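Down below is the structure, laid out as structure tokens.
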Amino acid sequence: MSATGKLRVAIVGAGAAGLCVARHVSSRSTTFDPPVVYEITDHVGGTWFYEERVGIHDNGHPVHSSMYRDLRTNLPKEVMMFPDYPFDAQLPSFLSHRDILQYLQKYCKRHAITPYIKFNTVVEEVKPISMETVEGGAVTWEVISRGTYGGQNTQTFDSVFICSGHYSTPHLPSIPGIEHFKGAVMHSHSYRCREPFAHQSVVVLGAGSSGVDISFELVQANAKVTLSHNKPALAFPLPPEIQQAPPVVKVLEDGSLLFQDGSVAHAEVLLFCTGYSFHFPFLCPKQLGLGIQHHLVAPLYKYLLPPAFPSLFFVGICKIICPFIHFHYQVQFALAVLEGTVQLPSRKMMEEAAERERQMKVQKGVQEKHLLQMGSDQWEYYLDLATIAGISPPNPVVESLYEEVGRQRRMNPQAYRQINYKLVVTSQLYTKLQHPIF
Ligand code: FAD
């Protein structure tokens, strides 16, 4: 605790998750000291700060954002918003990255968060000290940081929130013979716009949301696109300009690509849309009792905290979620834990709960690489966190809208953003709204 008897909170990252933590910590000033937010860059917004540049930034760190120029959100604003902070009513449902960045900047201003942010400061190490008190949760933390234009600094905290994002470190599955490929090899992390690919033959690896979205962009530049993926069949029609192919199994010595069905093709660009890896260079997972693999961080109680260190929180580690809603519930649950209004079970019970959750998923047939995916299960999770933390549960209309948008996207990923969802969401649920979201 600080000299004033309040809890000291560190936040790694000033993206949407970090800002959400800062907003809620700073509004509970009787229990918490003002938060300290560490941010490598000179701006807030993380992913939503579009940068044309790729590779290494002037500050010596890799460019963080994987945003591309013409991206439009895949969730409507009514589902994207923090439940306590709506978007401007005049904006359309599906927004550009500029709109989201402006929203986050306004959120900062509204909650006077900016003064808490140490910009141009990278967190180099987060480590627990006074290990013997771990079981009681009263461990303290040392955060070692370095200013881009200054020296190293060490500060002590009662709790640390990890909000450094997980869409920055490309996951590149190995393809035998890749060194023979004669064209350009890149990952969607470095894709910015379609023009450089005009009239080129591009093999897009992976049919997740980025792979499909980017393929649609590329055909608009008259690129010849082959979407290579391991799904049995896509549930939606593709335009004739996009060919489908099974996974690439090998690059042959002459530089051509060998697909799983034995077919061979030449391409000028190999574009990996194969997702991202978790990367926390400032943590020692072993010390924290955690396993961190490219696709998994475990065990985490309620997908949020390591049972051995219940004052360390990983915000937004899950996938296929509504990120801002997710942050909103996780953060308030975590703060209730720190305040003592929510009592956590013992370390052993939390470990068992995390393991039970894992086994249930495995029994349902969920592959290990998808253990952190939530999809429709997220709503029960938010309800659980809200009930324990004593806060309002999510609005059922938001869930209904999320599910409807998902259904439409699966049927037609090219056109789902054009639908008027206000008319689609059932009137029965719509009338349940106290504060209309549309
Ligand atoms: P980030 O936004 O990544 O922020 C992390 C911050 O931490 C960054 O500012 C970074 O500089 C900082 N940081 C990292 N390491 C350190 C360190 N060591 N020290 C100090 N600072 C550090 N979500 C939606 O809801 N709708 C969408 O339509 C949508 N589309 C997306 C499209 C793309 C291409 C991508 C990549 C993501 C998309 N997302 C979308 C998900 C998006 O990532 C989340 O909405 C959200 O922005 C994640 O916020 P975050 O704060 O967890 O991480």
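Derivation of every value follows stated rules applied to the coordinates shown; laboratory data play no part. This structure is a prediction, so every number in the text was calculated from the model and none was measured. When we count neighbours, we look across all protein chains shown, and the Cβ atoms used for this are built from the backbone with ideal geometry, even at glycine.
Observations on the model:
- Sequence-separation-based contact order of the chain, relative, with Cα cut under 8 Å and 6+ spacing, percent: 15 percent
- Across LYS319/LYS361; LYS6/LYS348; LYS250/LYS369, pairs whose alpha-carbon gap is larger than 25 Å: LYS6/LYS348
- With Cα atoms defining each centre, the stretch 289-314 and the stretch 180-259 are spaced 35 Å apart in the structure.
- Column: log10 I(q)/I(0), Debye, Cα scatterers of the chain, q = 0.09, 0.10, 0.13 Å⁻¹: -0.62, -0.76, -1.27
- Mean-square fluctuations from a GNM of the chain, with a 10 angstrom spring cutoff on Cα atoms, peak among SER145, SER256, SER130 at SER130.
- Each principal axis of the Cα cloud of the stretch 277-398 was evaluated for its coordinate range; sorted largest first, these ranges are 37, 33, 26 Å.
- The stretch 206-285 - share of DSSP beta bridges that are antiparallel (%, nearest 5): 55 percent
- Spatial separation of Cα centroids for the stretch 77-110 and the stretch 35-62, in angstrom: 20 Å
- Note on the stretch 142-190: the alpha carbon radius of gyration divided by the globular reference 2.2 N^0.38 Å gives 1.95.
- Gaussian network model of the chain, springs between alpha carbon atoms under 10 Å - residue of VAL160, VAL12, VAL185 with greatest fluctuation: VAL185
- Ratio of Rg to Rh over the stretch 174-216 (Cα coordinates, Kirkwood Rh, two decimals): 0.95
- Of every Cα-Cα pair in the stretch 341-396, the percent that sits beyond 19 Å: 43 percent
- Our coupling estimate for the stretch 151-158, obtained by passing each phi through the Karplus curve with A = 6.51, B = -1.76, C = 1.60 and θ = phi - 60°, is x, 8, 9, 10, 10, 10, 9, 8 Hz, Gly and Pro reported as x.
- Equivalent-ellipsoid semi-axes of the stretch 186-300, from the Cα gyration tensor, Å, largest first: 31, 16, 15
- Per-residue 3J(HN,Hα) values for the stretch 176-187, derived from phi via the Karplus relation 6.51 cos²θ - 1.76 cosθ + 1.60 with θ = phi - 60°, read x, x, 4, 5, 7, 5, 9, x, 8, 10, 8, 10 Hz in sequence order (x marks Gly and Pro).
- Restricting attention to the chain, close to 45% of DSSP beta bridges with both partner residues there are antiparallel.
- Over the stretch 1-143, the hull volume per residue, using the convex hull of the C-alpha atoms, is 141 Å³.
- 5 angstrom amide H check on SER201, placed H, neighbours 5+ away: LYS224, GLU268, VAL269
- Translational D in µm²/s for the stretch 1-82 (Stokes-Einstein at 10 °C, 1.306 mPa s, Kirkwood Rh from C-alpha pairs): 107 µm²/s
- Computed Rg/Rh of the stretch 35-119, alpha carbon atoms with Kirkwood Rh: 0.99
- Straightening the chain between HIS180 and TYR85 buys 29.1 nm, computed as 0.36 nm per residue apart minus the Cα-Cα spacing.
- Where labels lie 7 Å past Cα in the beta-carbon direction, separation of GLU124 and ASP254 in nm: 5.3 nm
- Coordinate range along principal axes, alpha carbons of the stretch 243-321, Å, largest first: 53, 26, 20
- For peptides 271-283, 231-243, 170-182, 400-412, sequence by mean Cβ density within 10 Å, most packed first: 271-283, 400-412, 170-182, 231-243
- Degrees between helix 323-339 axis and first principal axis of the chain (Cα, 0 to 90, nearest 10): 20 degrees
- HN-Hα J in Hz across the stretch 352-366 - Karplus 6.51, -1.76, 1.60, θ = phi - 60°, x for Gly and Pro: 5, 5, 5, 5, 4, 4, 4, 5, 4, 5, 4, 5, 6, x, 6
- Put simply, when 298-305, 325-332 are sorted by average Cβ atoms within 10 angstrom per residue, most first, you get 325-332, 298-305.
- Distances between placed amide hydrogens fall under 5 Å for LYS319 paired with GLN373, MET374, all partners being 5 or more residues away or on another chain.
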